[in-house]
Amino acid sequence: MTDTIFSKIIKHEIISDIIYQDNLVTAFRDTSPCAPIHILIVPNLLIPTLNDVVDDHEVILGRMIILASKIAKDEGIAEDGYRLIINCNKNGRQEVYHLHLHLIGGCLLGPMSVYRDVK
Ligand code: DGP
């Protein structure tokens, strides 16, 4: 599979603000943050979308969620709250085809009612 921009960040081939890395996952700050805290948690293995996950990825996916919870505490946003998002394919507005979890917080986030509001 062809490397993605995130593969290059994981391999330190391009510079990014990496805040955590282990053998399974890497977390770094988003370059286009949509909130004061916006961190991407990415599997080191190139899984293009959530549609591509299989049972063997269970440990990786668990690590991503547990890490998100730890980072939220480290960043001081756990108590007030935050949002985790995985975008998938066109309708999910996925831009980078390397599975990633957005950890977003640090302010009161917008409501998740866009569809209801425009209907
Ligand atoms: P998504 O739409 O779910 O695929 O989100 C992709 C996110 O990745 C988007 O919020 C911007 C971020 N992003 C894109 N390129 C880079 C990059 O080179 N470095 C970092 N840190 N973030 C990036």
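The values are calculated or read from the model by the stated rules, or taken from the named source; none is laboratory data. Computed from a predicted structure; not experimentally measured. Here the Cβ positions follow ideal geometry from the backbone for every residue, glycine too, while neighbour counts run over all protein chains shown. Just the protein is used for accessible areas: all its heavy atoms, side chains included, with ligands, DNA and RNA removed. Shrake-Rupley method; radii C 1.70, N 1.55, O 1.52, S 1.80 Å.
At-a-glance table
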{"quantity": "Check on His57, in a helix (DSSP H, G or I) and free of Cβ contacts under 8 Å to residues at least 24 places away in the same chain", "calculated": "yes"}
{"quantity": "Residues being closer than 18 Å to Ile60 by Cβ and within 7 Å of the ligand (Cβ to nearest atom) - total across the range 95-107", "calculated": "3"}
{"quantity": "Set Val54, Val59, Val96: member being within 12 Å of the chain's Cα centre (by Cα) and at pLDDT 95 or above", "calculated": "Val96"}
{"quantity": "Residue check for Ile9: in contact with a strand residue (DSSP E or B) (Cβ under 8 Å, 6 or more places away or on another chain), open to solvent by less than 40 Å² (accessible area, probe 1.4 Å), farther than 16 Å from Val96 by Cβ and modelled with pLDDT of 95 or more", "calculated": "no"}
{"quantity": "Subset of the range 17-37 (residues that are within 12 Å of the ligand (Cβ to nearest atom) and either among the acidic types (Asp, Glu) or surrounded by fewer than 18 Cβ atoms within 10 Å (Cβ to Cβ) (or both))", "calculated": "Asp17, Ile18, Ile19, Arg29, Asp30, Thr31, Ser32, Pro33, Cys34"}
{"quantity": "Unique residue being touching a residue at least 60 places away in the same chain (Cβ under 8 Å) and not in a helix (DSSP H, G or I) when the list is Ile15, Ile39, Ile19, Ile47", "calculated": "Ile39"}
{"quantity": "Test: residue in the range 104-119 that is at pLDDT below 95 and either aromatic (Phe, Trp, Tyr) or surrounded by 11 or more Cβ atoms within 10 Å (Cβ to Cβ) (or both)", "calculated": "yes"}
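Here is a yes/no grid of residues against (1) within 8 Å of the ligand (Cβ to nearest atom); (2) crowded, with 17+ Cβ neighbours inside 10 Å; (3) on the phi > 0 side of the Ramachandran plot:
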| position | (1), (2), (3) |
| --- | --- |
| Thr4 | no, yes, no |
| Ile66 | no, no, no |
| Asp74 | no, no, no |
| Asn89 | no, no, yes |
